[in-house]
1. Where residues in region 76-96 are outside any strand (DSSP E or B) and open to solvent by less than 10 Å² (accessible area, probe 1.4 Å), which of them is nearest to V547 (Cα to Cα)?
2. Quick one: would you say G272 is crowded, with 22+ Cβ neighbours inside 10 Å, small (G, A, S) and in contact (Cβ under 8 Å) with a residue 40 or more places away in the chain?
3. When you go through (1) in contact with a Lys or Arg (Cβ under 9 Å, 6 or more places away or on another chain); (2) open to solvent by less than 10 Å² (accessible area, probe 1.4 Å) one by one for G435, which number turns out not to apply?
4. Going through region 175-186 one residue at a time, which ones are surrounded by fewer than 23 Cβ atoms within 10 Å (Cβ to Cβ) and either in contact with a Lys or Arg (Cβ under 8 Å, 6 or more places away or on another chain) or within 15 Å of N75 (Cβ to Cβ) (or both)?
5. Answer yes or no: is there a residue in region 563-572 that is out of contact with any Gly (no Cβ under 7 Å at 6 or more places or on another chain) and either surrounded by 20 or more Cβ atoms within 10 Å (Cβ to Cβ) or on the phi < 0 side of the Ramachandran plot (or both).
6. Please report, ordered by residue number, the helices (runs of 4 or more DSSP H) entirely within region 253-366 with at least 1 residues that are over 26 Å from G241 (Cβ atoms).
7. I'd like the full set of residues that are surrounded by fewer than 22 Cβ atoms within 10 Å (Cβ to Cβ) and of a type in the set (S, T, N, Q), limited to region 283-308.
8. Would you mind telling me which numbered condition in (1) more than 30 Å from P599 (Cβ to Cβ); (2) β-branched (V, I, T); (3) at pLDDT 95 or above V426 fails?
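The values are calculated or read from the model by the stated rules, or taken from the named source; none is laboratory data. Not measured: the values here are computed from a predicted model. Because the Cβ atoms are built from the backbone with ideal geometry, glycine has one as well, and the counts that use them run over all protein chains shown. Please note that ligands, DNA and RNA were not included when accessible areas were found on the heavy atoms of the full protein model with its side chains. Shrake-Rupley method; radii C 1.70, N 1.55, O 1.52, S 1.80 Å.
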Amino acid sequence: MARERPVTPEVVREHGLNAQEYDLILDIMGRAPNLLELGIFSVMWSEHCSYKSSKKWLKTLPTTGPQVIKGPGENAGVVDIGEGLAAIFKMESHNHPSFIEPYQGAATGVGGILRDVFTMGARPVANLNALRFGAPEHSKTRHLVAGVVAGIGGYGNCVGVPTVGGEVNFDASYNGNILVNAMTVGIAPADRIFYSAAAGVGKPVVYVGSKTGRDGIHGATMASAEFGEDSAEKRPTVQVGDPFTEKLLIEACLELMATDAIVAIQDMGAAGLTSSSFEMASKGGSGVELELDKVPCREDGMTPYEMMLSESQERMLMVLQPDKQDLARGIFEKWDLDFAIIGRLTDSGRMVLKMHGEVVGDLPIDPLAEASPEYDRPWLPTPTQDDDDPAGFTPSVRPAEALKRLMATPDLCSKRWVWEQYDHMVMADTVARPGGDAAVVRIHGSNRGLAMASDCTPRYCKADPERGGAQAVAESWRNLTAVGARPLAITDNMNFGNPERPEIMGQFVGCIAGMKAACEALDYPVVSGNVSLYNETNGQAILPTPVIGGVGLIDDLDRIAGAALPGPDETIVLIGDTRGHLGASVYLRDVEGSAEGAPPPVDLAAERRNGDFVRTQIQGRRVSACHDLSDGGLAVALAEMALTGDCGADISEGTAAAGNLPPSAWLFGEDQARYLVTTGDAKALLAAADKAGVPARAIGKTGGDCLILAAGEAISLVELRAGHEGWLPGYMSR
C-alpha cells in the first residue's frame, strides 16, 4: 500500500477544519488521527452534513402536528394522507456541483433526492426543481441554464418519475453561485416506513447498487466552502449519475421492502459510505466493522480514504436480517445490481475499518457525531425600512405598457421552454401540469391527489428577512390552497451566503423567525429540509433564498380549480385587501428601475382566513378558476390566467373604483393574502365572503381577446403572448 500522506496543519486546513476543531478531534481520539480518520471527521463535521452554524435556529421551527408521522432527522419527512397511506418528501440542494458541471451536478441532485425518498419505502411520484441563475447578460448564464435543465430532464425522464413543478429566476447575485434545489414526493403504506437506525449485534451490513469510483470525493466539504477563483479546478468533485441504474435500484429496494428482510436502510448521499454508516450506527446505538476490500469498486487501486469519502451515485447501505441475505442477494442480482456484505454490527460503539484484515481506521461513533461543533455565530439584524405610501406614486409608463414589459421579463416570462424538456406525464397520474399555482398528482388508483409547489421571493428576504421568510411559507400555503388542496406540511432549502459574516447570519436568523411564525399560524409544520451555506464567490453572497416546498392533500379531484380563465361572461372577484404596496416589487425593479423599499407586510391571520374561505369555495364548486397574487400583483395574475385560458377580460371598472390608489399601485402592488377567482354566481360568492368576514369585490368580467386594465388601456392577448412566451426561447437560441 502506498505511503500515507502525513497529517500536517496544512492538510487539516485543506480538509476544511480549523485549529479549534482539530483540537477537539485530538480530545475525542486520544491521539492524532491518520489521513483516513481526518477525512471522515472532515466530511461529518462539514457544514453540509453537521449544520453546525444553523442547527441552533432550526430547532426553533415547528415540526409536529396530527398529520406528521416523522419530522426532521430522517432521510425525508413523512405525513399521513389517510386511507393507510403516507406522503414522504424532502428538498435538497446541489448548488456548488451544478455551477462547476451543470449537467451532472443537476442530474445527480435529482438522483440524490429520489434516494432520500425511496430509501424510506416510498415510490417516488413527482419531482420539482427550484432554480436560480445569474443575470441573463452574464457570460456563463446561458451555458448554466442549458446544462442544468438538460441534466434534470436527462435524469428525471430516464428514471421514469414526472417533473411537475418548480421555479426559475434570474438575478445578478447568483452570477458566481447558482442554486439547484431538487424536491421529490413519494407515497408509501403508512405502516411500512423504513428508517435508518441500525441495531442487532452481528447483523450484516450490506452494500447494494452501483460500484464505487473516485467521483464526488470531498463533495460535502466543497459544498461547505465559498467559491474562489479556482472553482473550475474542482470539477473532479462532481459526481456522475446513471438514471437507468437508479431505476433498477428503486425497483429492487421496493421489492425487498415488501419482505421483512430489512433492519435499517440509508442511501449513500453526501459523504457517501462515511455518512451512511455513521448515521445508521449512531441512531441505532451500535458499532460497525467494515471490510473495505469487499466494497465493489469500478477503479483499480482505490484507497480506504477514497472508498469512504467517494460520493459515487446509485448506492445504498442496508442492515439485513441474517437469514434473509440470500433472498436479498437474489433480488439485487435479478436487477443486475451489486450486492456485497461488507461488514457487521458490533456492540463496541466504534467504527472499525479494515483493509485486507488490517485496521486502517478506528473511530468512536457517538462522540464523533454528538460532539460535532455547534456554533452560535454572531448575527446582525437587517435594518428595517419604512413601508411605502402608494398614494403619491407617479408612474413612468401607462399600465398596459408596464404589463407588456413585465410579462416579458426573465422572472415573469413563461418557463415553458424549461418544463417541456421534462417528462411531466410519465406514470400517467399527473392531473395539473407545470405552469400553474401548484402541480397536482393523482394518488394512484383513487380520486384523491397530492398538490405540490415550491416558493420563495429572495428580494423580500434581502429587504426584510423576517417578512421574507413568513411570505415564502404563506405563498406556498396559498399556492396549494389555490388549487383546492389542504396544505399539510413543508420541506425547506435554506440557501444563504457565508454564516461567518454577521449580516449573513442575521438574514438566516430573520428568515427562520418569519418561517416559524407563518408555520405556526397556518398549522403547516416543517418535516424535512436542507441547509446550504457559503453560497458566495469572492465575498459576493447570493440573495437569501429560503425555498419552501409545500405538499397538500385533495380529497376529491373533481373539486379542484385551475388558473385559466374559463371563458366569457364570468365575474372576476378579488379576494383580500389591496393597499397597493409597491415596495420591493417587480414593478419597481423592472419598470421603474428601483429595487428599494420594504416588502409587503404579511398578515398571517388574514392569510389563514382568506385561504380557508377560498378553499371552501373551490370544494363547493362556486369558483371556476383561482390564482394567488404574488409577483406583479393583480395585473400579472390576470394576464397569466388570460393567456392560460386564451380568454380576455375587462377590469376597467374595478380599476376606476380603486379609490385613492393610483392605477399602477392597484394593478401591480404585491399585497399578500390575495386571490383572483372567477365565478358564475358572483352574488352568492360575495355574500359568502361577507358572512366569513373576508374582503372580496367584483372587479370585472371575462371575455374578448384583450385585457382592458383601465379606460383606454387595452392590450391584445396576441401581443402579450408574443413577449411572454418568446423571451426564454429567444434568449436560449442566441
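1. Only one residue tops the list, namely N95.
2. So G272 fits the description; yes.
3. So G435 meets the others, but not (2).
4. Across region 175-186, the qualifying residue is only N175.
5. Yes - at least one qualifying residue is present in region 563-572.
6. Output list reads 272-284, 325-334.
7. T303
8. Failed condition: (3).
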